[in-house]
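Chemist: Pasting a structure here, questions to come.
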Amino acid sequence: MANIKKQIIRIFELFETLIKKGITTQEYKDRFHGNRNLFREDREILAELFSQWEVISEREHGKSFRYYLRKKSNALKFTADERDQLIRQISPMKDEDYDTFQQIYHKLTLFLDDSWFTANVTPDRLCNVQEAITSQNQIELKHYYSISSNEFKDYVVEPIALLAEGKKLYAFDIHAQYCKVFNLNRIGFLHISKQKMQFKETHQDLYHDAFGFSCQHHEKIAISIQLNETAHRLLIEEFPSLTSNCKALKDSTYLLQCEVAKFVGVGRFVLGLIGCIEEVQPHAFREYLDKEMEKFREKVFCAR
């Protein structure tokens, strides 16, 4: 698996280099620690994978050649089968090194039709999603990674709202016929469809809290947390929408008062800064935190 991972990374880095500035055989040897034969094999692999491109060479100094990649046509457009074949090739890597898998996954944008893009949480991506919400177009989510099932799935959804400072998407899953929350960072590729929404009457009007969780409006839970200066700064950085919910108290402490859908989201924040939290309410929230800390103690300390 390690050799396969190295080869995949090398091929993608070589692709980028050939496009941007080209590379000589000696530069290839220095950078990738390969020989002339391996360089030729890599160029052949690129030619097989990306038929819309061709490798060209230009003479530099004496017998030295610099190799480049050039489009054969004005537009680079992969078919769905070609795209899926590439993803199948790199999928075995996700269990061993998910971060590297994601990095390579996102680089595939170089090879996709312009109407496809990776769902990094960036302003331009959010604008595309917001535009689909405003224009009421369906969205295709390709290779969404589910942590619970450890699988990649495809979805066609009707986007309803961006949540958690634009990190999550609340949408109607057309196949399942109910609304779900999708983490944008787990979406491999996202495509704005020309198909208009067809199930607006079945969209659920839910309450969405700042931490990315949803519930029926009558199920909202009012909470309060007393924070020190450090926790307050981190809260505002990560959840700017809660700025107006914070009230300054004496001794450089702050009181956060807001409503949440579940204890899970806000609980993660509190547990991650447990030494910076002065007080939490209501009692049910304190019980939830106590149970989570007990689970941690049992797994970490009692197992020894």
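Chemist: Is it the case that segment 271-287 has a residue that's touching a helix residue (DSSP H, G or I) at 6+ places or on another chain (Cβ under 8 Å), at positive phi and outside any helix (DSSP H, G or I)?
Modeler: Checked against the condition, which is being touching a helix residue (DSSP H, G or I) at 6+ places or on another chain (Cβ under 8 Å), at positive phi and outside any helix (DSSP H, G or I), segment 271-287 yields no hits at all.
Okay, residues lined up against (1) surrounded by 16 or more Cβ atoms within 10 Å (Cβ to Cβ); (2) at pLDDT below 95; (3) touching a Lys or Arg at 6+ places or on another chain (Cβ under 7 Å):
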| residue | (1), (2), (3) |
| --- | --- |
| Glu219 | no, no, no |
| Phe239 | yes, yes, no |
| Leu249 | no, yes, no |
| Cys258 | yes, no, no |
| Arg268 | no, yes, no |
| Ile277 | yes, yes, no |
| Val280 | yes, no, yes |
| Phe301 | no, yes, no |
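Chemist: Are any residues in segment 229-270 hydroxyl-bearing (Ser, Thr, Tyr) and at negative phi, and if so, which ones?
Modeler: Thr230, Ser241, Thr243, Ser244, Thr253, Tyr254
Chemist: Okay, next question. Pairs under 8 Å by beta carbon, first residue over 16 Å from Phe12 (Cβ atoms) in segment 37-63, partner assigned to a loop (DSSP other than H, G, I, E, B) and modelled with pLDDT of 80 or more, six or more apart or different chains?
Modeler: Matching pairs, first to second residue: Glu58/Gly22.
Chemist: Now a separate question. Does Ile160 satisfy the criteria of being at pLDDT below 75, touching a strand residue (DSSP E or B) at 6+ places or on another chain (Cβ under 7 Å), more than 15 Å from Asn185 (Cα to Cα) and not acidic (Asp, Glu)?
Modeler: The answer is no for Ile160.
Okay, residues lined up against (1) under 14 Å from the mean Cα position of the chain (by Cα); (2) not in a strand (DSSP E or B):
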{"site": "Leu141", "(1), (2)": "yes, no"}
{"site": "Tyr144", "(1), (2)": "yes, no"}
{"site": "Ser148", "(1), (2)": "no, yes"}
{"site": "Asp154", "(1), (2)": "no, no"}
{"site": "Pro159", "(1), (2)": "no, no"}
{"site": "Tyr170", "(1), (2)": "no, no"}
{"site": "His175", "(1), (2)": "no, yes"}
{"site": "Lys180", "(1), (2)": "no, no"}
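Chemist: Please specify each residue of segment 252-263 satisfying the condition of being more than 13 Å from Ala210 (Cβ to Cβ) and outside any strand (DSSP E or B).
Modeler: Ser252, Thr253, Phe263
Chemist: Return the residues of segment 238-251 that are over 28 Å from His217 (Cβ atoms) and either part of a loop (DSSP other than H, G, I, E, B) or touching a helix residue (DSSP H, G or I) at 6+ places or on another chain (Cβ under 6 Å) (or both); say none if nothing qualifies.
Modeler: Initial filter on segment 238-251 (over 28 Å from His217 (Cβ atoms)): 248-251.
Result: Leu249, Lys250, Asp251.
Chemist: Give me the residue from segment 225-237 that is in contact with a helix residue (DSSP H, G or I) (Cβ under 9 Å, 6 or more places away or on another chain) and outside any helix (DSSP H, G or I) and, out of that set, surrounded by the fewest Cβ atoms within 10 Å (Cβ to Cβ). Walk me through how you get there before you give the answer.
Modeler: Start the filter on segment 225-237 by keeping residues that are in contact with a helix residue (DSSP H, G or I) (Cβ under 9 Å, 6 or more places away or on another chain), which leaves 225, 227-232, 234-236.
Remaining after also requiring outside any helix (DSSP H, G or I): 225, 227-228.
Values: Ile225: 24, Leu227: 26, Asn228: 16.
Applying the filter and picking the extreme gives Asn228.
Chemist: To continue, here is another question. Looking at segment 126-139, which of its residues are assigned to a strand (DSSP E or B), more than 17 Å from the chain's Cα centre (by Cα) and closer than 15 Å to Ile187 by Cβ?
Modeler: Across segment 126-139, the qualifying residue is only Gln138.
Chemist: Take the residues in segment 192-224 that are assigned to a strand (DSSP E or B) and among the hydrophobic types (A, V, I, L, M, F, W, C); name whichever of them is nearest to Leu256 (Cα to Cα).
Modeler: Only one residue fits best here, namely Ile223.
Chemist: Say we look at segment 182-191 and pick out the residues that are assigned to a strand (DSSP E or B) and under 14 Å from the mean Cα position of the chain (by Cα); which of these is surrounded by the most Cβ atoms within 10 Å (Cβ to Cβ)?
Modeler: The residue in question is Leu190.
Yes/no per residue for (1) more than 25 Å from Gly272 (Cβ to Cβ); (2) touching a residue at least 40 places away in the same chain (Cβ under 8 Å):
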{"residue": "Glu131", "(1), (2)": "yes, yes"}
{"residue": "Ile139", "(1), (2)": "yes, yes"}
{"residue": "Glu165", "(1), (2)": "no, yes"}
{"residue": "Asn183", "(1), (2)": "no, no"}
{"residue": "His203", "(1), (2)": "yes, yes"}
{"residue": "Asp209", "(1), (2)": "no, yes"}
{"residue": "Phe213", "(1), (2)": "no, yes"}
{"residue": "Ser224", "(1), (2)": "no, yes"}
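Chemist: Would you mind stating whether Leu110 is surrounded by 12 or more Cβ atoms within 10 Å (Cβ to Cβ) and at pLDDT below 80?
Modeler: So Leu110 passes the test.
Chemist: State whether the residues of segment 135-142 include one that is farther than 30 Å from Ala284 by Cα, buried (at least 20 other Cβ atoms within 10 Å of the Cβ) and at pLDDT below 85.
Modeler: Narrowing segment 135-142 to residues farther than 30 Å from Ala284 by Cα: 135-142.
From what is left, the residues that are buried (at least 20 other Cβ atoms within 10 Å of the Cβ) are 138-139, 141-142.
Subsequent filtering for residues that are at pLDDT below 85 retains 142.
Yes: segment 135-142 contains one or more residues that are farther than 30 Å from Ala284 by Cα, buried (at least 20 other Cβ atoms within 10 Å of the Cβ) and at pLDDT below 85.
Chemist: Among the residues of segment 197-212, is there at least one that is surrounded by 15 or more Cβ atoms within 10 Å (Cβ to Cβ), among the aliphatic types (A, V, I, L, M) and under 30 Å from Leu86 (Cα atoms)?
Modeler: The answer is no; no qualifying residue exists.
The values are calculated or read from the model by the stated rules, or taken from the named source; none is laboratory data. This structure is a prediction, so every number in the text was calculated from the model and none was measured. Please note: Cβ atoms are built from the backbone with ideal geometry, for glycine as well, and neighbour counts cover all protein chains shown.
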